[in-house]
Amino acid sequence: IDLSTVKLPDKLVSAWRREGIKISYTMDVSHCSAEAEQMLWLPRVGGPYQLRMQGRAVLPVHPFVAPAPVGQARTFNGRTSMLFRIPPGTQKVAVELQTLPYIPAGIARAEVGPFEVMLTQQMRSYNEQSGGMTVISIITGLVGCLVIVLWRTRRRDRYIFWFGLMCLIWGVRGYFYSSD
């Protein structure tokens, strides 16, 4: 639709947030590819996306993602921060959103820097993202245990038992889903 240069965060107009619109970005990283090994950090992207450097699909450094089948690019979750290695000599990085964006920005933020600095930011961001879910899961599991204990005083009321059991199961599921 538009071939303009944008500043991050790229706030998308509401007309672009609909079916049939493909949003892609090309980032010039030539200024940093001649230096020591550099990393690209994408803490938030508007939706699921694919990333290519020099026309080739790339895997993130953290979190580890298994390779896609041969000939296919991996689609990444835009809600999870990702850290990518920029190979020496790379000129352009292409990011293409695969579906409708679920936040009002295409790319909210992108940073390029040395491995040590970017890995520290990635780990902090990754822990913050999963840390909240871990706390919520533990609280949900504890509520489930408490409800099951209270159900023992009113055994005829099976809905209390089922509610407690579902809370407990949901808490355990969420904990294992969000933990490393």
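The values are calculated or read from the model by the stated rules, or taken from the named source; none is laboratory data. It should be emphasised that the depicted structure is a prediction, and the values quoted were computed from it without experimental measurement. A quick note on method: Cβ atoms are made from the backbone with ideal geometry, for glycine too, and the neighbour counts reach across all protein chains shown. When the accessible area is computed, the model is the full protein with side chains, heavy atoms only, and any ligands, DNA or RNA have been set aside. Shrake-Rupley method; radii C 1.70, N 1.55, O 1.52, S 1.80 Å.
Separation of segment 129-143 and segment 39-95, taken as the distance between their Cα centroids, equals 29 angstrom.
Across q = 0.15, 0.19 Å⁻¹, segment 27-180 modelled as identical point scatterers on its alpha-carbon atoms has Debye log10 I(q)/I(0) values of -0.83, -1.12, in the order of the q list.
Rolling a 1.4 Å probe over the protein chains gives T5 an accessible area of about 140 Å². A 1.4 Å probe run over the protein chains yields, for the chain, 63 Å² of accessible area per residue, whole-number rounding. Computed packing ranks the peptides 157-164, 13-20 as 157-164, 13-20, most packed first, by mean other Cβ atoms within 10 Å. Since only L100, G47, L146 are under comparison, the one whose Cα sits farthest along the positive direction of the charge dipole of segment 1-154, derived from C-beta charges on Lys, Arg, Asp and Glu, is L146.
Against the chain, whose longest principal axis is taken from its Cα atoms, helix 115-151 shows a tilt of about 20°. Shape class for segment 42-123: rounded, because the ratio a/c of the largest to smallest gyration tensor axis (alpha-carbon atoms, square roots of eigenvalues) is under 1.5. GNM remark for the chain: springs join alpha carbons under 10 Å apart, and the peak mean-square fluctuation among Q121, Q72, Q91 falls on Q72. Farthest toward the positive end of the dipole of the chain, out of Q122, S137, V65, is the Cα of S137, where the dipole comes from beta carbon charges about the Cα centre. Inter-label distance, A73 to T26: 1.3 nm, where each label sits 7 Å from its Cα along the C-beta direction. If the segment from S4 to S178 were pulled out straight at 0.36 nm per residue, it would be longer than the present Cα-Cα gap by 58.8 nm.
Amide H contacts of V29: K92, V93, each under 5 Å away and 5 or more positions distant or on a separate chain (H built 1.01 Å from N in the peptide plane; Pro and chain starts excluded). Near the amide H of I23, within less than 5 Å, lie the amide hydrogens of L97, all on another chain or at least 5 residues away, with H placed in the peptide plane. Enter the angle in degrees (range 0 to 90, nearest 10) between the Cα long axis of helix 158-178 and the first principal axis of the Cα atoms of the chain, meaning the one along which they spread out most. Helix 158-178 sits roughly 30 degrees off the main axis of the chain. Ligands, DNA and RNA left out, the accessible area of the chain computed with a 1.4 Å probe is 60% carbon and sulfur.
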